[in-house]
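All remarks here apply to the structure that follows.
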Amino acid sequence: MMSHRISALVVAAGSGSRIGGDIPKQYRIVAGKPVLAHAVDALLAHSAIDEIVVVIGDGQGALYAEAIGDRPLPAPVIGGALRRESVANGLAAITGDWVLVHDAARPFLPASVIDRLIKALETAAGAIPVLPVADTLALGGPTLGDVVPRETLVRVQTPQAFHTKLLRDAHAAWDASREASDDAQMVRHARYAVAMVEGSAMLEKITWAEDFGAAERRHAPALVSRTGMGFDVHAFTQGDHLWLGGVKVPHGKALAGHSDADVALHALVDALLGTIGDGDIGSHFPPSDERWRGAASHQFLTHARDLVTQAGGRIDHVDVTIICEAPKIGPHRPAIRARIAELLAISEAQVSVKATTTEKLGFTGRGEGIAAQAVATVRVPEVGL
């Protein structure tokens with residue numbers, strides 16, 4: 001059998017206007033990573049795919065870079081105003097003699113579908129994945145019209161596979177005053193036969209806002225709840241302010257420490273690290289390292305947050321208790337709560353901040369320092385941690 005170089009062209013240039021929101025749907029997170037990244041990863045994992053080219057919208061470079069990260073892809077191609085124009089731009093950039101054109105809005109691509117498409121190209125100019133129509137179909141209007149025989153209808157999916165030269169020719173011959181529903185129709189219009197292979201329910205397209213919830217339920221990993229605890233203490237030293245929960249609090253004393261000695265954030269860092277079993281604050285930011293002398297503790301908290309995210313975790317709730325005689329925490333509680341929520345990228349409803357004293361007992365009762373304890377509740381993947 002003759003060997004072919006196979007390119008994959010991922011069309012991700014849309015604005016996602018039907019979804020709404022601040023960013024196009026291909027860059028939104030579903031099942032732990034961006035929609036586009038799911039589609040690209042499925043193609044990267046298939047041994048028959050020799051290159052992957054992504055077509056993005058003008059001005060989407062930063063969103064693309066964040067979604068793709070360090071995946072080994074060439075620079076993206078800028079698409080046009082219409083899907084047909086975006087595909088044509090992508091076709092000009094690929095090098096394969098066979099091509100799979102895939103919509104990023106279908107993120108969950110089974111390898112078996114790719115296998116069937118490639119096999120079909122051995123005897124056909126093009127091939128598309130399809131599914132049968134299960135629902136009764138009828139003509140619409142003010143009242144119900146005639147039933148349309150569903151036995152003759154199929155649901156068309158992507159990726160759609162073609163001999164590259166034939167697809168380029170079909171694009172070149174297409175009447176630009178008309179918009180094509182997909183590439184297969186353009187190839188058919190050029191009088192080439194397009195084979196049909198079995199599609200997959202996994203390839204459902206994300207079109208509406210509610211589709212994200214459905215996709216999340218189908219594909220998100222099973223999560224289990226874990227609880228981490230943290231405790232920290234810092235003594236008072238000379239100064240005129242201290243840091244608590246990421247907030248500068250005026251006071252007649254400061255807290256002594258290698259960093260800014262934010263006892264509340266330090267306890268919370270340890271609680272978060274505890275949920276993923278990844279040591280403690282000292283193992284990540286050792287006091288012997290001069291880089292962290294006087295450092296702002298919000299850096300430690302966002303680092304722990306990112307480690308939880310990288311492990312597939314989701315922060316459900318954090319609870320911090322500050323133990324001291326002074327300063328009074330009440331006036332600063334709203335600001336501390338808001339700051340912690342901001343640093344963890346969660347809502348304030350998921351953050352609890354409390355304060356208590358030790359009734360004049362112990363080092364905190366004697367006004368020698370401040371202690372804090374924290375509890376974090378995080379859902380993490382059931383497998384892999």
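The values are calculated or read from the model by the stated rules, or taken from the named source; none is laboratory data. Bear in mind the structure is a predicted one, so any value in this text is a computation, not a measurement. Backbone-built Cβ (ideal geometry, glycine too); neighbour counts: all protein chains shown.
List of remarks:
- Residue among Ala304, Ala326, Ala295 that alone is out of contact with any Gly (no Cβ under 9 Å at 6 or more places or on another chain) and assigned to a loop (DSSP other than H, G, I, E, B): Ala295
- Evaluation of Ser47 against (1) in contact with a strand residue (DSSP E or B) (Cβ under 8 Å, 6 or more places away or on another chain); (2) closer than 20 Å to Ala161 by Cβ (one fails), failing number: (1)
- Scanning region 153-178 for residues that are touching a residue at least 60 places away in the same chain (Cβ under 8 Å), part of a helix (DSSP H, G or I) and not hydrophobic (A, V, I, L, M, F, W, C) turns up Thr164, Lys165, Arg168, His171.
Here's the yes/no breakdown for (1) part of a helix (DSSP H, G or I); (2) free of Cβ contacts under 8 Å to residues at least 12 places away in the same chain; (3) in the same structural domain as Ile56 (by TED's automatic domain parsing):
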| site | (1), (2), (3) |
| --- | --- |
| Thr95 | no, no, yes |
| His102 | no, no, yes |
| Pro107 | no, no, yes |
| Arg116 | yes, no, yes |
| Gly145 | no, yes, yes |
| Glu151 | yes, yes, yes |
| Ala180 | no, no, yes |
| Met202 | yes, no, yes |
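- Among the residues of region 358-385, just one is touching a helix residue (DSSP H, G or I) at 6+ places or on another chain (Cβ under 8 Å), part of a loop (DSSP other than H, G, I, E, B) and surrounded by 14 or more Cβ atoms within 10 Å (Cβ to Cβ), namely Thr358.
- Scanning region 72-79 finds no residues that are under 14 Å from Thr158 (Cα atoms), assigned by TED's automatic domain parsing to the domain that holds Ser181 and under 27 Å from the mean Cα position of the chain (by Cα).
- Test: Ile336 is assigned to a helix (DSSP H, G or I), touching a residue at least 60 places away in the same chain (Cβ under 8 Å) and touching a Leu at 6+ places or on another chain (Cβ under 9 Å): yes
- Test: residue in region 16-24 that is in a loop (DSSP other than H, G, I, E, B) and β-branched (Val, Ile, Thr): yes
- Filtered residue count, region 182-200, keeping only those that are in a strand (DSSP E or B) and among the charged types (D, E, K, R): 1
- Ser288 satisfies every condition listed in (1) polar (S, T, N, Q); (2) at pLDDT 95 or above; (3) more than 19 Å from Leu268 (Cβ to Cβ) except (2).
- Filtered residue count, region 345-354, keeping only those that are within 12 Å of Gly245 (Cα to Cα) and either loosely packed, with under 12 Cβ neighbours inside 10 Å or free of Cβ contacts under 8 Å to residues at least 60 places away in the same chain (or both): 3
- Scanning region 41-93 for residues being of a type in the set (Asp, Glu), out of contact with any Ser or Thr (no Cβ under 6 Å at 6 or more places or on another chain) and outside any helix (DSSP H, G or I) gives a total of 3.
- Against the test of being closer than 26 Å to Ala13 by Cα, surrounded by fewer than 13 Cβ atoms within 10 Å (Cβ to Cβ) and at pLDDT 90 or above, the options Ala173, Ala161 yield a single qualifying residue, Ala173.
- Taken together, Gly230, Gly257, Gly277 contain a single residue that is touching a strand residue (DSSP E or B) at 6+ places or on another chain (Cβ under 8 Å), assigned by TED's automatic domain parsing to the domain that holds Thr377 and in a loop (DSSP other than H, G, I, E, B), which is Gly257.
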